[in-house]
Structures are given as C-alpha cells and as structure tokens.
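Report on one structure; see the data block that follows.
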Amino acid sequence: MPTMSQTRDAARDPGAVSTVEGAGIEITSAVKQYGGMRALDGVDLSVRPGEFVALLGPSGSGKTTLLMALAGFVDLDAGEVTIGGTPQTRVPPYKRNLGMVFQRYALFPHLTVEKNIAYPLRNRRWSRDAKKQAIAEVLELTDMSHLAGRKVHQLSGGQQQRVALARALVYKPPVLLMDEPLGALDRKLREQVQLEIRKIHRVLGTTIIFVTHDQGEAMSMADRIAVMNHGQILQTDTPEELYNRPVDEFVAAFVGKMNFFLRDPAGQDRPVDADAALDSANTGENQRFGIRPERTAIAAPGNGLDGQVTEVIFEGSMRHVLVDVGGITVRVQESPEEPRRSLGDTVSIRWRKESEISFAQQEN
C-alpha cells in the first residue's frame, strides 16, 4: 500500500492510486421514529466511493440522525445500510471501521498531539513501525508535525480541529463521518479549515459524509449535497444544480437567497413572503416562481414592479438593496459600481424571463 507521502504525489498525478480506497454507501428506506415523530422517513441515499457528500438542513431535519445511523449509534426501525458492498445495519459501531469528527472534538487535554492521534491505534494489531509511520504521515498531512509534542490545551481552536481530523484518519478508514465539525470556529478560521479538509479529501480519496446547517459551507466543500427536511431528503445534487434548479420552494429558499412571486392567469406578478414559500402554498391557477437576487435588477419607476428602497447593505464586492413591493421585501444584489440607492427611493424591480425558476403547483 502506498504511503500518504506517495499519495500527495498521486494527487498531482491522476494516474496514481490513492492511499485510502473510499467505500460506497447505500441507504435504503431508512426509518427512525421517536415517539410520534419520524426523525427519518423513508430515506434513500447513494454515495459513490470517494465522494464528498454534505447532509444539509435546518435543526430537526434528520441529518444528524442519518449520520448516527451510518455510524451505528442509532438503530433503524426499518431500512438498510450498506457500506463498501457489505450490509452494516446490524453491525456494531466499533466493527464498522469508520472515522468520525464531531463539533466537540473529545480530545484528551493532558495528552500531547501525537498521543491523541495515536489513541485509536492502541487496540489495532499493527506493528510498532506501522503505527509510528501512520502517525507521522497524518501529522504531515494535517500540517501538525511541528506540534506533535505539544499538549492539546495549548492549541488554538483550528489546531484542535486538525488534531481531531488526524485522529479520525490515522487508521485509514474508508469512510469519514463529520457532524458539524466547524461550528465552534470563527468565520475566517472556518473558511481556512474548509479548504484544508477539501485538500485532504483530494489527497486521500476517502468517502466523506459531512453534516451541516450552513449552506455556504456545504456549497463550498461538497461534491454533492443532500438537502433534508422533516426526516426526508428533498434533493441530492451538485451545488450548481441545487442553486440553479431547486426541485421545490424549500430547497430554493434554503440554498442561497430567493425572491418568490405569484403570476395570475392575466400575467400579473406580485411578490410573496419567503417564509410562505416554505409551505409551498400554491393555490388556484397562479404560477409560483422564484428569482435569485443577483438576477433581479433595479430600474426607473414604471418599468416593472414599483416599490421603495428600505435598506442598502454594502458587502465589499456587492451591495444588497431591499425594496418594499406591496408590503413584501424583494432583495436585489448589485455591483457597487451601480448608482447608489437611498432609503425611500421609488424604484422598479424587473428581471429576464429566462431567470425565472418555476415550481410545480401544489394543492392545499
């Protein structure tokens, strides 16, 4: 088996073999019920070997329950889990050979970085040299070699996160499960660690399942994202497909920002509250559709839907203008080079027809 050092060269040589053979995952009709609540409601998910998949959803959507079922810490009431082609539904966690990283890293503060990383190897029948080599490789991979002798309590939050990641990878698991591991980090550090995890994924080739409620985090890291709500997976797709072609209004509102509109049979448009979109409350013959803020434009009054500017938010490379149209806020994303808007300005909102994202009509 090649070393991790050889694998880093492999990352630059597409013809080489990765150190870790990522395992495929199949979850079929998974059900988990707590009292009268279904945390998982017939979930199906297929993950390719070596793929990075994010489970994205609000609190209570079932994403962590699904991860725990994969790990073996939650027993399913119905359904099957297969990892690497082997049924795992009734296999205990310690026999599944999976790596796990949690938001709370559960490190040993009185031990050194090296001893924390070595801990999972204590009961594995590896030679002393094999253990030593594995620890050295994962320390180098996570850029922690120079901190090997330091106690964990002396490390920053980002460094502790890397120790937890190294500990989960040291025994070369085919699947790495991550449950909101970056939630305790500040924004700048979180973005830095996101890039490090992506790099490690490319180098190792292990399969990663990553739970998060942060759509930006999921979009920037995952090959595919499974959006969950009320114990179901609503859509599994690439970040680009989710953003540009959401299957319903919940996905559209949860992944990025969206302005929602109703078009009546006469072709007249009016905005609707984004919160109402989560209920998918289409009625009658009205067509419901959405427009992303960056595809919505501001024009002179009388050239679209008229409204008043209620807020202007400057964010460096972009500016968000909030416009009240009939009591509903429409968000427009502009370049800072566009004419500056002032609070109270009367403007029109317009867009190109091809920018509309239509949603299937649903009956109440």
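Coordinate-derived values only; no laboratory data. In this text, all values refer to a predicted model and were calculated from it rather than measured experimentally. A quick note on method: Cβ atoms are made from the backbone with ideal geometry, for glycine too, and the neighbour counts reach across all protein chains shown.
General observations
- Cα centroid of region 308-347 to Cα centroid of region 137-203, whole Å: 40
- Residue-averaged [θ]222 nm for the chain, counting only DSSP H segments that reach four residues, each worth -39500 (n - 2.57): -7000 deg cm²/dmol
- From the C-alpha gyration tensor of region 32-116, square roots of 5λ in Å: 25, 17, 14
- Shown is the FRET efficiency for Trp126 and Leu195, computed with R0 = 30 Å from the Cβ-Cβ distance and rounded to the nearest 0.05: 0.45.
- Listed peptides 308-319, 209-220 by packing density, highest first (mean Cβ within 10 Å): 209-220, 308-319
- Cα-projected label distance for Val31 with Glu356, points at 7 Å along beta-carbon direction, nm: 4.1
- Rg then Dmax, both in Å and based on the Cα atoms of region 310-364: 14.0, 44.
- Compared with the direct C-alpha span, the chain from Gln133 to Lys257 gains 39.9 nm at full extension, assuming 0.36 nm per residue.
- Protection proxy ranking, peptides 224-236, 84-96, average beta carbon neighbours within 10 Å, highest first: 224-236, 84-96
- Over region 123-204, the Kirkwood radius and the radius of gyration, each from Cα atoms, give a ratio Rg/Rh of 0.97.
- Backbone N within region 225-256 under 14 Å of label point (7 Å from Asp77 Cα along the Cβ vector): 231-232
- Potential lengthening of the chain between Arg150 and Glu315 amounts to 55.5 nm, from the contour at 0.36 nm per residue minus the alpha-carbon distance.
- Measuring r between the beta carbons of Ala266 and Ser220 and using R0 = 30 Å, the FRET efficiency lands at 0.10.
- Here the extension length gained between Asn286 and Asp273 equals 3.2 nm, from 0.36 nm per residue of separation less the Cα-Cα distance.
- With a Förster radius of 25 Å applied to the C-beta separation of Arg187 and Arg104, the computed FRET efficiency comes to 0.80.
- Working value for region 78-151: equivalent-ellipsoid semi-axes of 29, 15, 12 Å, each the square root of 5 times a Cα gyration tensor eigenvalue, largest first.
- Antiparallel content of DSSP bridges confined to the chain, in %, to 5: 75
- Reach of Lys353 by Cα under 30 Å, taken over lysines that are not fewer than 8 positions away in the same chain: Lys257
- Pairs of Cα atoms in region 77-215 fall into 5 Å distance bins, from 0 up to the last occupied one, in shares of 2, 9, 19, 22, 21, 14, 8, 4, 1, 0 percent.
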